[in-house]
2 protein chains.
Amino acid sequence: MIGSTNILNLSTLCKFLKKHDDYIILTHISPDGDTLGSAYALALGLISMGKKAFVVCNDEIPAKYNYFVKEAALKSIDYKTIVAVDVADAKLLGSLYEKYSDKIELNIDHHISNTHYAKNLYLDASASATAECIYDVLKKLHVKITPLIATALYTGISTDTGCFKYANVTPKTHLIAADLHKYGIDAAEINRRMFDTKSKERVELEKMVLDTAEFHFDNRCLVLTVTSEMQATSGCEPSDLDGVASISRSVEGVLIGVSIKQTEENTYKISLRTYEPFDASEICKTLGGGGHKAAAGCTLEGSLNDVKKQIIDAVGKAIEKNDAGAIVTE
Amino acid sequence: MIGSTNILNLSTLCKFLKKHDDYIILTHISPDGDTLGSAYALALGLISMGKKAFVVCNDEIPAKYNYFVKEAALKSIDYKTIVAVDVADAKLLGSLYEKYSDKIELNIDHHISNTHYAKNLYLDASASATAECIYDVLKKLHVKITPLIATALYTGISTDTGCFKYANVTPKTHLIAADLHKYGIDAAEINRRMFDTKSKERVELEKMVLDTAEFHFDNRCLVLTVTSEMQATSGCEPSDLDGVASISRSVEGVLIGVSIKQTEENTYKISLRTYEPFDASEICKTLGGGGHKAAAGCTLEGSLNDVKKQIIDAVGKAIEKNDAGAIVTE
């Protein structure tokens, strides 16, 4: 749909929001702190401007976001204007796709991979989180930042930056955080809920997953496995599995972390996390998947042993290619 | 020594640093990112002002800090002025205590518990890290912030705030981070080294420690144990044990996390991590220890079972007291 999308800047985005009313704001599936924080901050901002707005998500919103989701207490309305926030592709709307995908008036996003599916798009790929975009527009609209709006925005930014840890953090990210701190947010408590709270079931699962650790290629590659049985035995919810992939790359010396997660009897979701010089996306492409340079994935069919062999072979080729290159340049 | 210490403000601190020369800068034992980042940033700043400075630590500096410690390549000199940074108590100088403790001209620190042992003290207890104080003084002195100085300062702040996660973060902390980002630091790489890198040995130890998990008092208390045998079997270095205590409090619903670490055959170091309404320091005081409200410790003698019983009893009393109070106020 590139070409038929009208690209907005901050001024024309403000004009759009002032002109329209009765907003339904859609989030992506498996909602995270950024899509939810952005949606609720925008809805609350619009309401403070005298407009009507509410938020809809395909999935049940995890209880850990209650501190702003429940607090906001938004009520559904007869909507006129459909907005999607932090949704890079209409397919990420899940079951809402059928109902809304061709009627989305506005999309506010920060993903460079945005597929331009909405009629109007505000895209800031330099923003660490969509919540940065929402902060910009609420400030430009002179919306009064309440503690609840600040809490939602901070949650979005903290989520997408791993609490200011990742390479997407810019000076602006910290300046926004400094400003949000002034509106009476409890940043430490937000971060505790987002980053330092694991369910007992998750702790149990991590133990089992660590027992599957296999090191390959002089410890440069670590493979972790999560079987359906482990998920059942530990009693983990699907949301408890978030972040298992990143454990694989957190071991000293590991440059390619692989996690293999069973989704059906003979189906496995592979997640790769890499550090320089390796490119997760390149490796996953050879197996029909894709993603970003540092984080990518693919889905493989077969027995666990078959699937493991396939991904280890693909990693081996990347390492071989890299080592050959390293010798040539010496 | 309170009373004989001269309290400096930012202006008089600048005057002090301009007036003196040939600085030896001391860090605390078991050096962390803040004491090292502060010491190296200050030394490099003083050198850029045409003065001589180097850094001394009681312990070997862990290799993970090489990216600024080795880079700085400071050479020892005949010193005249002894400075301690991020050292709240002269006893934290370790073996350097004997040699320097009564000759420390200047102490720059952010610990409210500072014992005023130096002749001159600059103390900013509102600073999240001593590195915030060093940032302030280097800026005030118009020192050119090089990428290396910015890297050392960022390391200090990131270390002491858990990467901007804790309650000690203020708007100023984020403003300083925003500014440091402009000097060409690789913040994501610093944070990866500080927060997302575990040795294989540490991963092995965590598995063993999680196997010792005991929940008490309706899952409000979690007790983890690290025996000498586990440390030996896993091959962990002492520095690999950092942060094990905080695991105990990261499980959902746990308000009192206890870790019991064996240091000798019948000696155990207890670390408590608590959330409201519990006070770790109060509980540890009943066993001859102390600390802060959210983090405290004590040392107990006896068999593992004896020691475990003592600390669980102390926790039980705190819970009982709290529950009784909760009923009264209902």
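Some values worked out for this structure:
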{"quantity": "HN-Hα J in Hz across segment A:274-283 - Karplus 6.51, -1.76, 1.60, θ = phi - 60°, x for Gly and Pro", "calculated": "10, 10, 3, x, 8, 10, 4, 5, 4, 5"}
{"quantity": "Anisotropy class of segment B:14-154 from Cα gyration tensor, a/c 1.5 cut", "calculated": "rounded"}
{"quantity": "Residue A:49/residue A:172 FRET efficiency (R0 25 Å; Cβ-Cβ; nearest 0.05)", "calculated": "0.55"}
{"quantity": "Whole-number percent relative contact order across segment A:1-133, with pairs defined as alpha carbons under 8 Å at least 6 apart", "calculated": "30"}
{"quantity": "Stokes-Einstein diffusion coefficient of the protein assembly as shown, Kirkwood radius over Cα pairs, 25 °C, 0.890 mPa s, in µm²/s", "calculated": "90"}
{"quantity": "Exam field: residue A:293 pseudo-label spacings to other copies (7 Å along Cα-Cβ), nanometres", "calculated": "4.5"}
{"quantity": "Shape of segment B:115-258, Cα gyration tensor, a/c cut at 1.5", "calculated": "prolate"}
{"quantity": "Nm distances between copies for residue A:48, ranked from closest, using label points 7 Å along Cα→Cβ", "calculated": "3.9"}
{"quantity": "Degrees between helix B:147-160 axis and first principal axis of chain B (Cα, 0 to 90, nearest 10)", "calculated": "20"}
{"quantity": "Built amide H within the under 5 Å cut-off of residue B:32, gap 5+", "calculated": "none"}
{"quantity": "Accessible area buried at the B-A interface, both sides summed, 1.4 Å probe (Å², nearest 100)", "calculated": "3200"}
{"quantity": "Global size of segment A:42-122 as Cα Rg and Dmax, reported in angstrom", "calculated": "13.2, 34"}
{"quantity": "Computed helical MRE - 222 nm, chain B, DSSP H runs ≥ 4 contributing -39500 (n - 2.57), nearest 500", "calculated": "-12500 deg cm²/dmol"}
{"quantity": "Isotropic mean projected area of the C-alpha convex hull, segment A:243-286 (nm²)", "calculated": "3.5"}
{"quantity": "Modelled FRET efficiency - R0 51 Å, residue A:276 with residue B:322, Cβ distances, 0.05 increments", "calculated": "0.55"}
{"quantity": "Derived scalar couplings ³J(HN,Hα) [segment B:133-139; Karplus, 6.51 cos²θ - 1.76 cosθ + 1.60; whole Hz; x for Gly, Pro]", "calculated": "5, 5, 4, 4, 6, 5, 5"}
{"quantity": "Percent RCO, i.e. relative contact order, over chain B, from Cα pairs under 8 Å lying at least 6 residues apart", "calculated": "12"}
{"quantity": "Inter-probe distance in nm under a simple model that places probes 7 Å from Cα toward Cβ, at residue B:77 and residue A:4", "calculated": "7.1"}
{"quantity": "Set of segment A:153-191 residues, backbone N closer than 20 Å to the point 7 Å along the Cα-Cβ line of residue B:197", "calculated": "A:162-169"}
{"quantity": "For segment A:64-189: relative contact order, % (alpha-carbon pairs under 8 angstrom, 6 or more apart)", "calculated": "19"}
{"quantity": "Gain on full stretching of the segment that runs from residue A:18 to residue A:218 - 0.36 nm per residue minus C-alpha separation", "calculated": "66.1 nm"}
{"quantity": "Pseudo-label separations to other copies for residue B:73 - Cα-to-Cβ vector, 7 Å, nm", "calculated": "6.5"}
{"quantity": "Gap separating the Cα centres of segment A:197-253 and segment B:257-277, nearest whole Å", "calculated": "26"}
{"quantity": "Entries in A:140/A:172; A:70/B:165; A:269/B:207; A:91/A:207; A:70/A:172 that, when Cα-Cα distance is taken, lie over 27 Å", "calculated": "A:91/A:207; A:70/A:172"}
{"quantity": "Whole-number accessible area per residue in Å² for segment B:69-209, which is evaluated in the context of all protein chains at 1.4 Å", "calculated": "40"}
{"quantity": "Inter-label distance for residue A:252 and residue B:146, nm, one decimal - labels placed 7 Å from Cα along Cα-to-Cβ", "calculated": "2.8"}
{"quantity": "Spin-label pair residue A:95/residue B:70, simplified geometry with 7 Å Cα→Cβ offset, distance in nm", "calculated": "5.6"}
{"quantity": "Karplus-derived 3J(HN,Hα), 6.51/-1.76/1.60, for each residue of segment A:11-22, Hz, glycine and proline x", "calculated": "5, 6, 5, 4, 4, 4, 5, 6, 6, 8, 7, 6"}
{"quantity": "Potential lengthening between residue A:102 and residue A:293 on full extension [0.36 nm per residue; Cα-Cα distance subtracted]", "calculated": "65.7 nm"}
{"quantity": "Interchain or long-range residues, amide H under 5 Å from residue B:52's placed H", "calculated": "B:22, B:23"}
{"quantity": "Gain in span if fully extended, residue B:239 to residue B:29, counting 0.36 nm per residue against the direct Cα distance", "calculated": "74.4 nm"}
{"quantity": "Segment B:1-77: trypsin sites (Lys or Arg not before Pro) falling in loop per DSSP and having at most 13 other Cβ within 10 Å", "calculated": "B:75"}
{"quantity": "Shape category assigned to segment B:191-255 from the gyration tensor of Cα positions, a/c cut at 1.5", "calculated": "oblate"}
{"quantity": "Residue B:120 long-range amide H proximity, modeled H, under 5 Å", "calculated": "B:6, B:106, B:107"}
{"quantity": "Loop-located trypsin sites (Lys or Arg not before Pro) in segment A:122-210, at most 15 other Cβ atoms within 10 Å (DSSP)", "calculated": "A:144, A:182"}
{"quantity": "Cα point-scatterer Debye curve for chain B, base-10 log of I(q)/I(0) at q = 0.09 Å⁻¹", "calculated": "-0.53"}
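The values are calculated or read from the model by the stated rules, or taken from the named source; none is laboratory data. As the structure is a computational prediction, the values presented were derived from the model and not from experiment. All Cβ positions, glycine included, derive from the backbone under ideal geometry; neighbour counts span all protein chains shown. Surface accessibility is based on the protein's heavy atoms, side chains included, excluding ligands, DNA and RNA. Shrake-Rupley method; radii C 1.70, N 1.55, O 1.52, S 1.80 Å.
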